[in-house]
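Structure first, commentary second.
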Amino acid sequence: MQLRLQKILSQAGVASRRAAEKLVADGRVTVNGATVREMGTKADPAADDIRVDGRRVEGPERLRYILLNKPVGYVTTRSDPQRRPTVVDLLGGVREYVYPVGRLDYDTEGLLLLTNDGDLAAWLTHPRHGVERTYEARVAGVPDERDLDRLRTGIPLDGRRTLPADVELLTRGRGGPAQAGHHDRQGGDSVLRIIIREGRKRQVRRMCEAVGHPVRLLRRVRIGPLSDRRLKPGDWRELTEQEIAALRRACRRPPAAASPREA
Ligand code: URA
């Protein structure tokens with residue numbers, strides 16, 4: 001939001017309006033590196049670099065809610081000890097300290113939320129709230145009904161069964177179940193839609209591996225109420241007010257019903 005410089009300076013606690021006007025007139029204020037002397041000049045405290053005597057003026061921090069389509073080959077962290085590209089490298093122009101909510105593997109593509117709203121981030125990642133994540137997984141071979149049912153009811157991982165998942169076969173690879181085990185890379189792959197309500201390490205990959213159909217490609221296409229088929233890998237956008245409200249509602253929903261086995 002564009003505001004008059006003297007208002008930004010007074011809101012940031014640098015000086016009173018009147019004293020701020022003098023700072024501007026005296027040439028002590030810069031916006032994005034250029035000295036501003038004109039009274040009434042406007043700037044955006046969230047986007048512009050505003051300084052007094054070279055010292056950065058911090059505005060009241062704006063809450064940011066960013067939906068990124070993460071490409072393969074980026075790590076979901078703010079900094080990587082191995083110096084691989086990180087998702088934050090893709091957020092040109094975002095000055096706020098946003099961080100990823102949850103994780104996508106280095107080799108997974110798809111939707112990732114980044115925010116500096118700590119409360120919302122904590123809610124979304126809390127397993128009790130069971131916000132649904134939807135994945136499309138290209139897997140080797142053709143899972144049969146039994147495989148799909150095992151994925152749905154739960155797979156033991158590290159001694160604990162995965163929560164019930166919604167699993168649907170979207171595309172059946174050529175060859176049919178008779179060829180299971182002879183996974184041919186082109187026509188033999190199938191595509192599954194998998195909805196899970198928890199986020200364990202490499203969960204979808206390990207689930208599919210466990211039923212004998214390893215994942216070739218994995219993409220997250222939905223986080224609770226958020227989806228965007230038009231957002232290209234590497235691109236990001238701000239959430240709309242409606243999407244933020246929908247996310248908050250999704251957090252408040254009671255957790256998904258437990259399976260009979262766990263009840
Ligand atoms: N499950 C996985 O296996 N990997 C991801 O990145 C997300 C979910």
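None of the figures in this text is laboratory data; all of them are computed from the coordinates on show. Only a predicted model underlies this, so the values are computations on that prediction, with no experimental measurement involved. Virtual Cβ from ideal backbone geometry, glycine too; neighbours counted across all protein chains shown.
General remarks:
- Here Ser190, Ser227 are placed in order of increasing Cβ neighbour count within 10 Å, fewest first, which gives Ser227, Ser190.
- The lysines within cross-link reach of Lys42, meaning a Cα-to-Cα straight distance under 26 Å and a gap of 8 or more places when in the same chain, are Lys7, Lys22.
- Max mean-square fluctuation residue, GNM over the chain, Cα-Cα springs under 10 Å, options Gly188, Gly93, Gly110: Gly93
- Residue-count net charge about Arg78 - beta-carbon cut-off 15 Å; Lys, Arg +1, Asp, Glu -1: +3
- Proximal charge balance of Glu238 [Cβ under 13 Å; K/R count +1, D/E count -1]: -3
- Relative contact order of the chain, pairs being alpha-carbon contacts under 8 Å that are 6 or more residues apart, as %: 19
- Top of Val211, Val142, Val57 by mean-square fluctuation, Gaussian network on the chain, Cα under 10 Å: Val57
- For the chain, a Gaussian network of Cα nodes joined below 10 Å ranks Asp107, Asp117, Asp49 by mean-square fluctuation, and the top entry is Asp49.
- Packing-based exposure ordering (other Cβ within 10 Å, fewest first) of Cys208, Cys251: Cys251, Cys208
- Comparing Cα centroids, segment 28-80 and segment 98-113 end up 23 angstrom apart.
- For segment 126-137, 3J(HN,Hα) per residue [Karplus equation, 6.51 cos²θ - 1.76 cosθ + 1.60, θ = phi - 60°, Hz, x = Gly/Pro]: 6, x, 5, 7, x, 5, 6, 10, 10, 10, 10, 10
- Of the GluC sites (Glu not before Pro) in segment 1-79, those whose Cβ has at most 14 other Cβ within 10 Å and which sit in DSSP loop: Glu38, Glu58, Glu61
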